[in-house]
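Please read the structure below before turning to the comments.
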Amino acid sequence: MISKQRLTLILIILNCLSFAPEGLAQTSLEEIFAKSNELYQEGNYTEAAKGYEEIINRGMKTPVLFYNLGNAYFRDKNLGRAILNYERAARLSPRDDDIRFNLEFARALIHEPEEHWLDRLLNLFSIHELILFTTLFYWLLMFGLILYLFRRGTLWLRLNLAIAVIFLLSGLCLGTKIYSEQADKPAVILEKTAARNGPGEDYSVGFSLPEGKRVVILNQREEWREVGLPKEGLKGWVKDGVMEEI
């Protein structure tokens, strides 16, 4: 978990880099963060959430901010936005125990199906980490192949084969991760809604989506979006305003 001290330092730096017109009083990010934490401790979760949202809207997006915002929404009984922000925090810090626990706890409240073991494995790493990992083993493989040209032997051959396998596996994980997070356009339902069999109120209701349900956006037609539930094998149309992309 990112410490409050580290986040405070980042807030101070960003605040110093921010340009404020002379004569206009602008509350610093550090002050907003401190005030939001104070409001949260006092039980004023609605106002605390507004403070965290303001910091994020100013361009400060960190795991601890999304985590705190998720906690504020959860305490304010806004399960949809709580899960949305836990999801965003988990993307940035996938191995954080507090984030994973709260996300899994919130998911359990809406009886979300358990993740497949492959999804759990991929969720241990962020896209940036997989990019670094894949790049590292690519250059190790190139270096190993060059050495093999000058020092042929069984040991070097086996070592290069091992590096090549790891490189291919990491590249496969990276491609799958990018597809699942960007091409699939995952989103969270913010309020209980009915998924219809077509893009309009005239179409019959196919199934119901609870607040906090994770869906995949498949298509869009005017103010309607087609969403899918890959685990359940369901598809339906909902209005655009009832969900938000992760």
- So ASN102 clears everything in (1) touching a residue at least 24 places away in the same chain (Cβ under 8 Å); (2) assigned by TED's automatic domain parsing to the domain that holds LEU172 except one condition, right? Which one? (2)
- Please work out if GLY212 is out of contact with any Cys (no Cβ under 7 Å at 6 or more places or on another chain), at pLDDT below 95 and not in a strand (DSSP E or B). no
- Query: Of these, LYS185, LYS213, which one is in contact with a strand residue (DSSP E or B) (Cβ under 6 Å, 6 or more places away or on another chain) and on the phi > 0 side of the Ramachandran plot?
  - Reply: LYS185
- Looking only at the stretch 167-183, which residues are in contact (Cβ under 8 Å) with a residue 12 or more places away in the chain and either loosely packed, with under 15 Cβ neighbours inside 10 Å or not charged (D, E, K, R) (or both)? PHE167, SER170, GLY171, CYS173, LEU174, THR176, ILE178, SER180
- Note on the structure: Out of (1) crowded, with 17+ Cβ neighbours inside 10 Å; (2) within 20 Å of PRO113 (Cα to Cα), the one ARG196 does not meet is (2)
- Candidate set: the stretch 126-141, residues that are surrounded by 13 or more Cβ atoms within 10 Å (Cβ to Cβ) and more than 27 Å from the chain's Cα centre (by Cα); chosen: the one farthest from ARG95 (Cα to Cα): LEU141
- Note on the structure: Counting only residues that are touching a residue at least 24 places away in the same chain (Cβ under 8 Å) and more than 17 Å from the chain's Cα centre (by Cα), the stretch 44-73 contains a total of 7
- Task: Could you list all residues from the stretch 215-230 that are in contact with a helix residue (DSSP H, G or I) (Cβ under 8 Å, 6 or more places away or on another chain) and assigned to a loop (DSSP other than H, G, I, E, B)?
- Result: GLU223
- the stretch 24-77, residues that are more than 28 Å from PRO94 (Cβ to Cβ), out of contact with any Asp or Glu (no Cβ under 7 Å at 6 or more places or on another chain) and of a type outside the set (S, T, N, Q): LEU24, ALA25, GLU31, LYS35, GLU38, GLU42, GLY43, GLU47
- Of the residues in the stretch 52-84 that are assigned to a helix (DSSP H, G or I) and either small (Gly, Ala, Ser) or on the phi > 0 side of the Ramachandran plot (or both), the one that is surrounded by the fewest Cβ atoms within 10 Å (Cβ to Cβ) is GLY80
- Message: If I filter the stretch 148-166 for residues that are surrounded by 11 or more Cβ atoms within 10 Å (Cβ to Cβ), without any contact (Cβ under 8 Å) to a residue 12 or more places away in the chain and closer than 24 Å to TYR179 by Cα, do I get at least one hit?
- Response: yes
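The values are calculated or read from the model by the stated rules, or taken from the named source; none is laboratory data. Predicted, not measured: the structure shown is a model, and the values here were computed from it. Neighbour counts run over all protein chains shown; Cβ positions are idealised from the backbone, glycine included.
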